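So the structure is just underneath, and the comments pick up after that.
The values are calculated or read from the model by the stated rules, or taken from the named source; none is laboratory data. Please read all numbers here as calculations on a predicted model, not as lab measurements. Here the Cβ is made from the backbone with ideal geometry for all residues, glycine too, and neighbour counts use every protein chain on show. We work out accessible area using only protein heavy atoms, side chains counted, and drop any ligands, DNA or RNA first. Shrake-Rupley method; radii C 1.70, N 1.55, O 1.52, S 1.80 Å.
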Amino acid sequence: MRKLLVAAAAVLTLALAGTAAAALEPFTFDPGNACPGVTSTFSGGVLHLAKPCTTATNASAGAEITGANGQTFTSASFTLASAAQCQGGSPRFNVFTSTGTFFLGCNNVTPTINANGTATYTFTAATLAAAGQQVPTPTGTITQVEVLIDVQGSADLSNITFNGVAQVPLVGPPTSKAQCKHGGWKNFNNPTFKNQGQCVSFVAHHTQHGKSHTHHNSHKH
């Protein structure tokens, strides 16, 4: 019976882990500490990027897009608060693959201006060709993807997608059963849950005597 319970827990863990794939990991890059105020934050569905120093300064603000490694490029997109936030090819996607590095800047495609004044930039083989193929369409197997700005200014990105998958930061996992109650289970996407009971079961299988296991992650740029 104990073996069956352990096996069931393992199956639950694998099933839930499979739901946590693509995600945004905000970062700032300022190796010389020469750009005070460079920021990358995500709130209310918006990734806010700011580089207050000169464009020539070796600094950037962005987010790494996880979950795309091993895939081939099909599409990417983001929406800016206004078309005026597109400056000098930033924001842009940097797509690293087995055949090279590809830069997909906001000035490389024609944006769709939405009714609320926002501007959506969609990158596909077709939209890049329609804009004169200013940059090559990514080929090869993806090893890393990021979206960033490295020119002076700021940008507010929403509805970020890559290969058809919406990109938001990971939230979770839950560390107490209380976090699952009163609809709290809906807030998690690392992993996601179908209902409160599944969330509570996850917590029960990942705690020991009421104390959650702690995982430490490092992220370097």
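Quick notes on this one:
- Flag if Pro169 is under 28 Å from Gly37 (Cα atoms), surrounded by fewer than 16 Cβ atoms within 10 Å (Cβ to Cβ) and of a type outside the set (A, V, I, L, M, F, W, C): yes
- Any hit, segment 44-63, residues being open to solvent by 50 Å² or more (accessible area, probe 1.4 Å), part of a helix (DSSP H, G or I) and modelled with pLDDT of 95 or more: no
- Of the criteria (1) of a type in the set (A, V, I, L, M, F, W, C); (2) within 11 Å of the chain's Cα centre (by Cα); (3) not in a strand (DSSP E or B), which one Val147 fails: (3)
- A single member of Asn108, Asn195 is modelled with pLDDT of 90 or more and farther than 25 Å from Ala68 by Cα, and it is Asn195.
- Matching residues, segment 104-135, being within 23 Å of Ala81 (Cβ to Cβ), open to solvent by 60 Å² or more (accessible area, probe 1.4 Å) and outside any strand (DSSP E or B): Asn107, Thr110, Ala115, Asn116
- Selection within segment 71-101 - under 18 Å from the mean Cα position of the chain (by Cα) and part of a strand (DSSP E or B): Ala76, Ser77, Phe78, Thr79, Leu80, Ser90, Arg92, Phe93, Asn94, Val95, Phe96, Thr97
- Just one of the numbered conditions (1) closer than 15 Å to Glu146 by Cβ; (2) surrounded by fewer than 19 Cβ atoms within 10 Å (Cβ to Cβ); (3) out of contact with any Asp or Glu (no Cβ under 8 Å at 6 or more places or on another chain) is not true of Arg92: (2).
- Filter result for the condition that a residue is assigned to a loop (DSSP other than H, G, I, E, B) and either open to solvent by 40 Å² or more (accessible area, probe 1.4 Å) or at pLDDT 90 or above (or both), over Ser158, Ser218: Ser218
- All conditions in (1) in a loop (DSSP other than H, G, I, E, B); (2) modelled with pLDDT under 95; (3) surrounded by 15 or more Cβ atoms within 10 Å (Cβ to Cβ) hold for Pro138, with the sole exception of (2).
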